[in-house]
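Chemist: My questions all concern the structure below.
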Amino acid sequence: MIQVETFPVPPLGCNCSVLRDDEAREAIVIDPGGDAAGILRRLTAQGLTVKAIVHTHTHIDHVGATAAVQRATGAPARIHEGDLFLYEMLPVQGQMLGMGPPPAAELDAFLRDGDVVTAGSISLEVLHTPGHTPGSVCFRCKSDASDLLFSGDTLFAGSIGRTDLWGGDHAQILRSIRERLLVLPDDTVVIPGHDRTTSVARERRFNPFFRSG
């Protein structure tokens with residue numbers, strides 16, 4: 001059975017998610033943020049083997065612990081190629097927040113639209129949703145219990161991601177959400193990159209950027 005644990009991590013409260021298959025004892029880590037020790041404690045307590053570390057985008061608050069988690073687990077780390085320039089700009093991103101750059105991870109093959117990342121019975125479909133950053137992606141996970149969407153900083157409860165940083169594009173993020181996310185089933189549970197969980201139906205109806213009445 002697939003289990004999901006989502007929890008905020010420093011430095012900016014990014015939601016890190018650990019998806020695990022309890023039977024296979026395998027896991028996928030989404031957006032490790034900046035708390036490697038806390039993430040590794042959870043993985044060790046559950047006796048999990050991490051099969052992949054994946055990222056919705058490469059702003060520093062979502063990737064700061066990637067290298068440390070990778071070193072401890074040996075898992076491949078993947079981003080979308082459209083965000084490689086941002087990953088290479090981690091020192092600049094760190095300067096903006098008054099912090100040093102995190103160590104760089106060894107990146108595996110790039111994520112591409114339509115890819116499926118697996119661990120045990122877990123399957124994450126990659127949806128390329130540019131706009132917040134050129135390489136922003138969302139991950140869709142379908143299971144018997146629920147349909148989950150890990151939306152990163154593309155779609156929030158009642159809002160959308162900012163587009164005033166490197167490579168951001170307001171028209172593009174609106175198009176990505178409208179064409180790739182709001183077409184998903186109403187009961188899809190949306191787990192954003194920050195703050196609270198929502199649903200596709202709720203955002204389609206009440207999000208001020210897309211309100212349909």
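The values are calculated or read from the model by the stated rules, or taken from the named source; none is laboratory data. Here the structure is a predicted model, which is why all the values come from computation and not from measurement. Every residue, glycine as well, gets a Cβ built from its backbone with ideal geometry; the counts of neighbours run over all protein chains shown.
Chemist: Only one of these conditions is not met by GLY100: (1) among the small types (Gly, Ala, Ser); (2) under 27 Å from LYS142 (Cα atoms); (3) outside any strand (DSSP E or B). Which number is it?
Modeler: (2)
Chemist: Still on this model: Across the stretch 23-39, which residue is surrounded by the most Cβ atoms within 10 Å (Cβ to Cβ) among those that are out of contact with any strand residue (DSSP E or B) (no Cβ under 7 Å at 6 or more places or on another chain) and within 28 Å of GLY161 (Cα to Cα)?
Modeler: Out of the qualifying residues, it is ALA36.
Chemist: What number of residues within the stretch 70-80 are part of a helix (DSSP H, G or I) and under 15 Å from the mean Cα position of the chain (by Cα)?
Modeler: 0
Chemist: Further question: Please enumerate the residues belonging to the stretch 152-163 that are of a type outside the set (Gly, Ala, Ser) and free of Cβ contacts under 8 Å to residues at least 40 places away in the same chain.
Modeler: Going through the stretch 152-163, the residues of a type outside the set (Gly, Ala, Ser) turn out to be 153-156, 160, 162-163.
Of everything in the stretch 152-163, those that are of a type outside the set (Gly, Ala, Ser) and free of Cβ contacts under 8 Å to residues at least 40 places away in the same chain turn out to be ARG162, THR163.
Chemist: For the list (1) surrounded by fewer than 18 Cβ atoms within 10 Å (Cβ to Cβ); (2) in a strand (DSSP E or B); (3) touching a residue at least 60 places away in the same chain (Cβ under 8 Å); (4) more than 15 Å from the chain's Cα centre (by Cα), I need the number of the one condition that GLN3 fails.
Modeler: Evaluating GLN3 over (1) surrounded by fewer than 18 Cβ atoms within 10 Å (Cβ to Cβ); (2) in a strand (DSSP E or B); (3) touching a residue at least 60 places away in the same chain (Cβ under 8 Å); (4) more than 15 Å from the chain's Cα centre (by Cα) leaves (3) as the failure.
Chemist: Select from the stretch 173-213 the residues that are surrounded by fewer than 18 Cβ atoms within 10 Å (Cβ to Cβ) and of a type in the set (S, T, N, Q) and write down the one among them that is modelled with the highest pLDDT.
Modeler: Filtering the stretch 173-213 for residues that are surrounded by fewer than 18 Cβ atoms within 10 Å (Cβ to Cβ) and of a type in the set (S, T, N, Q), the one modelled with the highest pLDDT comes out as THR197.
Chemist: Checking the conditions here, which among PRO91, PRO134 is assigned to a loop (DSSP other than H, G, I, E, B) and modelled with pLDDT of 90 or more?
Modeler: The conditions single out PRO134.
Chemist: A further question follows. List, please: which pairs have Cβ atoms under 6 Å, are six or more places apart or on different chains, and start with a residue in the stretch 164-182 that is in contact (Cβ under 8 Å) with a residue 40 or more places away in the chain and end with one that is not in a loop (DSSP other than H, G, I, E, B)?
Modeler: Cβ pairs passing all conditions: ILE173/ILE160; ILE177/LEU155; ARG180/LEU127; LEU181/LEU155.
Chemist: Between a residue in the stretch 108-134 that is without any contact (Cβ under 8 Å) to a residue 12 or more places away in the chain and any residue that is surrounded by 14 or more Cβ atoms within 10 Å (Cβ to Cβ), which pairs come within a Cβ distance under 6 Å, given they are 6 or more apart or on different chains?
Modeler: ASP115/VAL126; VAL116/SER123; VAL116/GLU125
Chemist: Still on this model: Working only within the stretch 137-154, note down all residues that are more than 10 Å from the chain's Cα centre (by Cα), at pLDDT 95 or above and among the aliphatic types (A, V, I, L, M).
Modeler: Within the stretch 137-154, LEU148 is the sole residue that qualifies.
Chemist: Could you please find all residues in the stretch 40-51 being over 16 Å from PRO76 (Cβ atoms) and either among the polar types (S, T, N, Q) or out of contact with any strand residue (DSSP E or B) (no Cβ under 7 Å at 6 or more places or on another chain) (or both)?
Modeler: LEU40, ARG41, THR44, ALA45, GLN46, GLY47
Chemist: Can you pull out the residues in the stretch 40-57 that are outside any strand (DSSP E or B) and surrounded by fewer than 21 Cβ atoms within 10 Å (Cβ to Cβ)?
Modeler: Selection gives LEU40, ARG41, ARG42, LEU43, THR44, ALA45, GLN46, GLY47.
Chemist: Looking at the stretch 135-172, which of the residues that are in contact with a His (Cβ under 7 Å, 6 or more places away or on another chain) and small (Gly, Ala, Ser) is surrounded by the most Cβ atoms within 10 Å (Cβ to Cβ)?
Modeler: Top of the filtered list is SER136.
Chemist: Filter the stretch 19-36 down to the residues that are modelled with pLDDT of 95 or more, touching a helix residue (DSSP H, G or I) at 6+ places or on another chain (Cβ under 8 Å) and not β-branched (Val, Ile, Thr) and list them by number.
Modeler: Selection gives ARG20, ARG25, ALA27, ASP31, PRO32, ALA36.
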